[in-house]
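The values are calculated or read from the model by the stated rules, or taken from the named source; none is laboratory data. All figures in this text were calculated on a predicted structure; none of them were measured in a lab. Note: ideal-geometry Cβ built from the backbone for every residue, glycine included; neighbour counts use all protein chains shown.
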């Protein structure tokens, strides 16, 4: 939710937005340049007349660090900026979301795939089904390309590079 009276048109927007889009958006509204390279893209043109067209995302990405998964339940491995948890910046869950699909992948091989318009409450996991193989492979490759294109490519674990076809 973003409010900027007199500038942002109140409305509901269905476009895919990432959390990293917030900083460049706020900087644009403040009239400030990005102080360093930003991963996000300003969504100001979507919600306000800023003199240029909005280029929507065709997919958005997310990752989830679940400390108890990589620490074996220990609580003495805090997150450290630029180091992650226990020296691992990309330890577990990755997600890609398109208009239709939500795909979560875990490096141990577990996956979740949901047809969001048909299953908005994500109750039927389609991952692992033969008829979903092509969609899973495409979305998993999108996650890998997202990781490769990031500025932290040194942290891509070898397990992400191997796809066993399941």
Residues being touching a helix residue (DSSP H, G or I) at 6+ places or on another chain (Cβ under 7 Å) and surrounded by fewer than 12 Cβ atoms within 10 Å (Cβ to Cβ) - total across region 45-67
2
Quick one: in region 22-44, of everything that is in contact (Cβ under 8 Å) with a residue 24 or more places away in the chain and surrounded by 14 or more Cβ atoms within 10 Å (Cβ to Cβ), which residue is nearest to residue 99 (Cα to Cα)?
43
So, of the residues in region 125-135 that are part of a loop (DSSP other than H, G, I, E, B) and more than 21 Å from the chain's Cα centre (by Cα), which turns out to be farthest from residue 95 (Cα to Cα)?
129
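For every residue, the table says whether it meets (1) in contact with a strand residue (DSSP E or B) (Cβ under 6 Å, 6 or more places away or on another chain); (2) within 30 Å of residue 130 (Cβ to Cβ); (3) modelled with pLDDT of 90 or more.
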{"position": "24", "(1), (2), (3)": "no, no, yes"}
{"position": "37", "(1), (2), (3)": "no, no, no"}
{"position": "55", "(1), (2), (3)": "no, no, yes"}
{"position": "67", "(1), (2), (3)": "yes, no, no"}
